[in-house]
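Report on the following structure.
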Amino acid sequence: GADDGTVEVRDLVVRYGPATALDQVSLTVGPAEMVALIGPNGAGKSTVVNTLSGVLKPSAGTVAVRGRLAHVPEGRQVFGDLTVEDNLRLGGRRYKLRDTGPVHAILPRLAELRHRRAGTLSGGEQQMVAVGRALMSRPDVLAVDELSLGLAPLVVADLVRHLRELNETRGLAVLLIEQNARLALDLCSRAYVLEAGRIVAEGPSEELAADDRVSAAYLGGV
Ligand code: ATP
């Protein structure tokens, strides 16, 4: 039930000075569940993830993560002057995990690219580095912020295939933050819609996709 989620956010309020970015947001991600958080630009999606990862402090409410959370940040944020291998190692540093072999096994392309400087890679390859770097800490839950942004559909499909596989074979829980609602609802079994800092709709992805208002606002028509 909702009480044994891997991620549990309850009545979360986050303020930036006088501005309220999140107002009483509650959401859960269960063990091995894939959940989407969709909503327009500026709705507060990144604020949710940044609070989960401890970068921001709640003004009120609680966030709880059972197990280890890793974050694939918006805009990838790889270190362009470092090699792919060194970027990966940074992801494990906090836990003294240096062996990149397990990540190479999941994302073989990163083994081929390991000596390349990350700044010379394509956007899709950089996103793969960002995912691989997050996996280095052997997370129980992965928060992915804007996986698809700026990437070609085929590249996105490849990344999605990897996420699905990680979820199915390793039980990795995923919170997918996406402006691309169709992608998010296709991939995830449940979703939350965030608008102006509030959850305005939630439920199984199929139900949300069939909801006239959600469909009109996020899926380009009824
Ligand atoms: P985007 O997809 O554009 O990143 P988002 O849904 O992730 O949008 P947030 O980045 O979480 O939205 O921003 C939520 C609100 O908080 C916005 O109104 C934004 O302008 C504001 N905000 C974000 N960061 C700060 C900050 N450091 N200081 C003040 N206001 C901020």
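The values are calculated or read from the model by the stated rules, or taken from the named source; none is laboratory data. Keep in mind the model is a prediction, meaning the values are calculated, not measured. Methodologically, a virtual Cβ is constructed for each residue, glycine included, from the backbone with ideal geometry; neighbour enumeration extends over all protein chains shown. Remember, those area values only see protein heavy atoms, side chains included, never the ligands or the DNA or RNA. Shrake-Rupley method; radii C 1.70, N 1.55, O 1.52, S 1.80 Å.
Would you check which residues across region 85-104 are touching a His at 6+ places or on another chain (Cβ under 9 Å) and free of Cβ contacts under 8 Å to residues at least 40 places away in the same chain and list them?
85
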If the Cβ limit is 8 Å and pairs must be 6+ apart or interchain, which residue in region 197-215 that is of a type in the set (S, T, N, Q) pairs with which residue that is within 16 Å of the ligand (Cβ to nearest atom) and open to solvent by less than 70 Å² (accessible area, probe 1.4 Å)?
205/36; 205/184; 205/191
For region 42-58, name all the residues that are at negative phi and either within 9 Å of the ligand (Cβ to nearest atom) or surrounded by 15 or more Cβ atoms within 10 Å (Cβ to Cβ) (or both).
43, 45, 46, 47, 48, 49, 50, 51, 52, 53, 56, 58
Taking residue 65 and the conditions (1) closer than 30 Å to residue 220 by Cα; (2) away from the ligand (no atom under 15 Å from the Cβ), which numbered condition does it fall short on, given that it satisfies the others?
(1)
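Look through 113, 142, 97 and report the one residue that is hydrophobic (A, V, I, L, M, F, W, C) and surrounded by fewer than 18 Cβ atoms within 10 Å (Cβ to Cβ).
Numbers: 113 fails: surrounded by fewer than 18 Cβ atoms within 10 Å (Cβ to Cβ); 142 fails: surrounded by fewer than 18 Cβ atoms within 10 Å (Cβ to Cβ).
Residue meeting the stated conditions: 97.
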Of the residues in region 146-176, how many are modelled with pLDDT under 95, within 16 Å of the ligand (Cβ to nearest atom), buried (at least 16 other Cβ atoms within 10 Å of the Cβ) and within 26 Å of residue 9 (Cβ to Cβ)?
3
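What is the residue count in region 16-41 for residues that are in contact (Cβ under 8 Å) with a residue 40 or more places away in the chain, near the ligand (Cβ under 9 Å from one of its atoms) and either crowded, with 18+ Cβ neighbours inside 10 Å or not polar (S, T, N, Q) (or both)?
Narrowing region 16-41 to residues in contact (Cβ under 8 Å) with a residue 40 or more places away in the chain: 20-27, 29-41.
Narrowing the set further to residues that are near the ligand (Cβ under 9 Å from one of its atoms) leaves 20-22, 37, 39-41.
Pick out the ones that are also either crowded, with 18+ Cβ neighbours inside 10 Å or not polar (S, T, N, Q) (or both) and you get 21-22, 37, 39-40.
Residues meeting the conditions: 5.
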Residue 196 - would you say it is within 23 Å of residue 9 (Cα to Cα), surrounded by 17 or more Cβ atoms within 10 Å (Cβ to Cβ), within 16 Å of the ligand (Cβ to nearest atom) and not aromatic (Phe, Trp, Tyr)?
no
Pairs with Cβ under 8 Å, 6+ apart, first in region 60-84 and in contact (Cβ under 8 Å) with a residue 12 or more places away in the chain and of a type in the set (D, E, K, R), second part of a strand (DSSP E or B) and open to solvent by 70 Å² or more (accessible area, probe 1.4 Å)
81/117
I'd like to check something: does region 125-132 contain any residue that is part of a helix (DSSP H, G or I), open to solvent by 60 Å² or more (accessible area, probe 1.4 Å) and touching a strand residue (DSSP E or B) at 6+ places or on another chain (Cβ under 8 Å)?
no
